[in-house]
Amino acid sequence: MKRILLALLLSAAALRAAPPLNVLVLLADDWRHDTLSAAGNPVVQTPHLDQLGREGTRFTHACVTTSICGVSRASLFTGQWMSRHGNSAFAAFKTPWEQTYPGLLRARGYHVGHVGKWHNGKFPSEHFDFGRAYAGTHWMKQPDGSKIHVTRKNQDDALEFLRQRPADRPFCLTLAFFATHAEDGNPLQYLPQPESLSRYQDVAIPLPPTATEAAFRLLPPFFANEKNEGRVRWHWRFDTPEKYQSMMKNYYRLASEVDDTCGRILAELDRQGLRDSTLVIFTGDNGYFHGEHGLADKWYPHEESIRVPLIVRDPRLAPPQRGRTRGDLVLNVDIAPTLLAATGTSAPAPMQGRDFAPLYLQADPPAWREDFFYEHAQLTSRDFIPASQALVTRDWKYFNWPDFNQEQLFDLKSDPGELLDLVADPAQAARLAVMRERFAALKAAAL
């Protein structure tokens with residue numbers, strides 16, 4: 001008995017003495033859930049991220065609570081819905097910095113860095129030990145007049161952070177890619193590096209089943225005025241078969257370049273012997289329409305827009321449990337409390353997300369959310385980007401378009417393309433009432 005007690009005490013002491021985990025967040029832009037070969041995409045090649053999934057856990061139904069760059073990033077840092085952090089577009093969030101995951105970890109002695117896209121007002125460089133913020137263009141001018149691709153600069157800056165960090169402190173690095181975001185002011189939209197142009201050259205990109213004029217006509221009537229920004233950008237990118245092929249190939253080339261960079265960053269962790277002491281999370285800031293419903297970009301509550309990739313490589317995960325997938329509704333607001341818990345840092349009370357590590361670490365995972373509230377503010381005008389809200393479950397989805405006082409209801413099991421609106425179906429009246437009530441409750445809780 002004494003031996004057992006002594007062993008337990010020694011084990012507990014060793015656990016307390018173990019250095020805290022490092023944190024690496026790899027955040028891709030406009031990268032939807034199925035832009036991974038491991039997710040069944042028949043075209044895109046993402047070998048390094050696929051390998052990351054084999055070494056960790058891949059979540060197949062990860063979602064964002066608001067599908068737009070700035071708001072989603074604010075939710076990532078704060079663990080809060082838009083309604084609480086207060087950034088409804090691209091401004092600074094109102095949550096105090098000391099309640100964000102970079103702020104909390106730096107206060108604990110972490111060496112904290114941010115590389116790449118920020119999109120939450122002025123970049124707060126004073127809050128980072130290493131800060132390089134930039135985005136908006138694929139090719140950037142350097143001080144010597146030469147140009148560098150933004151993904152290559154992401155890579156160089158991240159490697160500089162890892163190689164120059166103090167060896168006696170844990171680190172937290174957020175590597176926020178600009179790719180695969182379009183360069184909106186450029187008619188080419190997606191501008192990969194020259195060495196990538198041979199990729200996908202002889203491949204025909206399949207057209208999504210709902211990328212049709214008929215599907216567009218099934219959207220609420222306020223989309224039909226052709227002023228909607230999702231429709232405008234569809235014309236930029238996808239309104240002819242030739243344009244669709246060209247744009248999608250370059251989009252996938254940008255994705256593969258991000259994958260290449262992730263591979264080099266992960267190799268650097270291995271070179272420094274950090275694999276077993278670093279929590280790695282790969283995800284995206286929002287989903288993306290590839291022509292589905294006759295739309296481009298994001299913003300709305302459709303599956304293509306709100307679902308993102310999520311891969312977690314956690315050194316605490318036992319080898320036999322690695323390489324599995326999970327279908328839980330994990331959200332971007334869950335990432336901050338998860339990485340805080342992994343580093344032994346208490347999440348502040350205003351954080352609304354939950355630590356999802358028990359879902360993959362525990363033999364008997366805890367009960368988890370069955371639904372969530374989605375929100376997106378109106379931008380510019382209701383014709384440009386109307387406000388949208390939703391109650392999202394795995395099997396059903398309730399849409400609310402507050403600018404037009406219009407509702408929609410979709411059965412995702414029988415209608416995964418979200419084409420058949422059942423809101424006026426008498427057979428669904430009881431379900432609609434229940435979903436309205438739950439929607440109202442979760443909307444209030446998001447404040």
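Laboratory data are not the source of any read-out in this text; all were calculated from the coordinates shown. The structure displayed is predicted, hence computed values, not measured ones. Using ideal geometry, Cβ is built from the backbone for each residue, glycine included, and neighbour counts are taken over all protein chains shown.
Can you tell which of Y300, A179, P365 lies farthest toward the positive end of the dipole of the chain, using +1 and -1 charges on the Cβ of basic and acidic side chains (Lys, Arg; Asp, Glu)?
P365
Taking the Cα atoms of the stretch 399-447, what is the range of coordinates along each of the three principal axes, in descending order and whole Å?
Principal-axis extents of the stretch 399-447 (Cα, largest first): 33, 23, 19 Å.
Rounded to the nearest 10 degrees, what's the angle between the helix 69-78 long axis and the longest principal axis of the chain, both from Cα atoms, 0 to 90?
Value to nearest ten degrees: 30.
Taking loop as defined by DSSP and a crowding limit of 15 other beta carbons within 10 Å, which GluC sites (Glu not before Pro) in the stretch 229-298 fit?
none
Using the Kirkwood formula over every pair of different C-alpha atoms, what hydrodynamic radius in Å results for the stretch 294-447?
17.6 Å
Output the 0 to 90 degree angle, nearest 10, between the alpha-carbon long axis of helix 241-271 and the longest principal axis computed from the alpha carbons of the chain.
Orientation of helix 241-271: about 10 degrees from the principal axis.
Please name whichever of A74, A446, L21 sits farthest to the positive end of the charge dipole of the chain, dipole taken about the Cα centre and charges placed at Cβ: Lys and Arg +1, Asp and Glu -1.
About the Cα centre, the residue reaching furthest to the positive side is L21.
Suppose R0 equals 22 Å; then what is the FRET efficiency for T240 and D202 from their Cβ-Cβ distance, rounded to the nearest 0.05?
For T240 and D202, the calculated efficiency is 0.65.
Restricting to DSSP H runs of at least four residues, report the calculated mean residue ellipticity at 222 nm for the chain, -39500 (n - 2.57) per run over all residues, nearest 500 deg cm²/dmol.
-9500 deg cm²/dmol
What is the calculated FRET efficiency for L420 to A349, with r their C-beta to C-beta distance and R₀ = 30 Å, to the nearest 0.05?
Between L420 and A349 the formula returns 0.10.
Test of understanding: given the chain, find the longest segment containing no trypsin sites (Lys or Arg not before Pro) that are in a DSSP loop and have at most 10 other Cβ atoms within 10 Å.
With a cap of 10 other Cβ atoms within 10 Å, the longest stretch comes to 123-412.
Could you state, as a whole-number percent, how many of the C-alpha pairs of the stretch 360-447 are farther apart than 22 Å?
For the stretch 360-447, the fraction of Cα-Cα distances above 22 Å is 35 percent.
Express in nm, to one decimal, how much length is gained between L159 and K413 on full extension, taking 0.36 nm for each residue of separation and deducting their alpha carbon distance.
Full extension of this stretch gives 87.1 nm more.
Which entries of K243/K298; K227/K397; K94/K243; K153/K227; K117/K413 show an alpha-carbon separation above 30 angstrom in the structure shown?
K94/K243; K153/K227; K117/K413
Grab the Cα-Cα distance for D403 and A167, subtract it from 0.36 nm times how many residues apart they are, and report the gain in nm with one decimal.
Net length gain for the segment: 79.6 nm.
Please compute the length gained on full extension between A440 and E183, using 0.36 nm multiplied by the number of residues separating them and subtracting their Cα-Cα distance.
The span from A440 to E183 would gain 88.8 nm if fully extended.
Between Q189, P426, G121, whose Cα lies farthest towards the positive end of the dipole of the chain when Lys and Arg beta carbons carry +1 and Asp and Glu beta carbons carry -1, centred on the Cα centre?
G121
Just to confirm the number: angle between the C-alpha axis of helix 150-164 and the first principal axis of the chain, 0 to 90 degrees, nearest 10?
Between helix and principal axis, roughly 10 degrees.
So for the pair E126, S146, with labels modelled 7 Å out along Cα→Cβ, what separation do we get in nm?
Calculated label separation equals 3.6 nm.
Assuming R0 = 22 Å, can you tell me the calculated FRET efficiency for the pair A429 and A224, based on Cβ-Cβ distance, to the nearest 0.05?
0.20
Report, in debye and to the nearest 20, how large the dipole of the stretch 19-445 comes out about its Cα centre when Lys and Arg carry +1 and Asp and Glu carry -1 on their Cβ.
820 debye
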